[in-house]
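See below for the structure under consideration.
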Amino acid sequence: MSFDDIKNKAKDLGGKAKETAGKATDNEDLEFEGKKDQLVADVKKAATEAGEKAKGFVNDTIDKIKGDKDEQ
């Protein structure tokens, strides 16, 4: 787990806490802010995962090309 993963998880948990506190105190602004924080964390997580998949694809492709060259 990277430092960015930890920051995203903290943002998500903080958002859940804000949302819960907003619901408990009938504070719609705080509830909305909590939902927004959770969404930001989810988007960052998805972007990180997509980047990692892209890196893996590129590395696999490079390895395949290198392997094809070695066979010639």
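The values are calculated or read from the model by the stated rules, or taken from the named source; none is laboratory data. None of the values given here were measured: they were computed from a predicted structure. Positions of Cβ are backbone-derived with ideal geometry, glycine not excepted, and every protein chain shown enters the neighbour counts. These accessible areas exclude ligands, DNA and RNA; they are computed on the full protein's heavy atoms, side chains included. Shrake-Rupley method; radii C 1.70, N 1.55, O 1.52, S 1.80 Å.
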With criteria (1) open to solvent by 100 Å² or more (accessible area, probe 1.4 Å); (2) more than 27 Å from I6 (Cα to Cα); (3) aliphatic (A, V, I, L, M), I65 comes up short on (1)
Among the residues of segment 24-60, count how many are open to solvent by 60 Å² or more (accessible area, probe 1.4 Å) and touching a residue at least 40 places away in the same chain (Cβ under 8 Å). 2
Do the conditions hold for A21, that is, is it open to solvent by less than 50 Å² (accessible area, probe 1.4 Å) and more than 18 Å from the chain's Cα centre (by Cα)? yes
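Has segment 11-21 got at least one residue that is in a helix (DSSP H, G or I), out of contact with any strand residue (DSSP E or B) (no Cβ under 8 Å at 6 or more places or on another chain), touching a residue at least 40 places away in the same chain (Cβ under 8 Å) and acidic (D, E)? Walk me through it before giving the result.
Taking segment 11-21 as the starting set, the residues that turn out to be in a helix (DSSP H, G or I) are 11-21.
Then drop every residue that is not out of contact with any strand residue (DSSP E or B) (no Cβ under 8 Å at 6 or more places or on another chain), which leaves 11-21.
Keeping just the survivors that are touching a residue at least 40 places away in the same chain (Cβ under 8 Å) gives none.
No.
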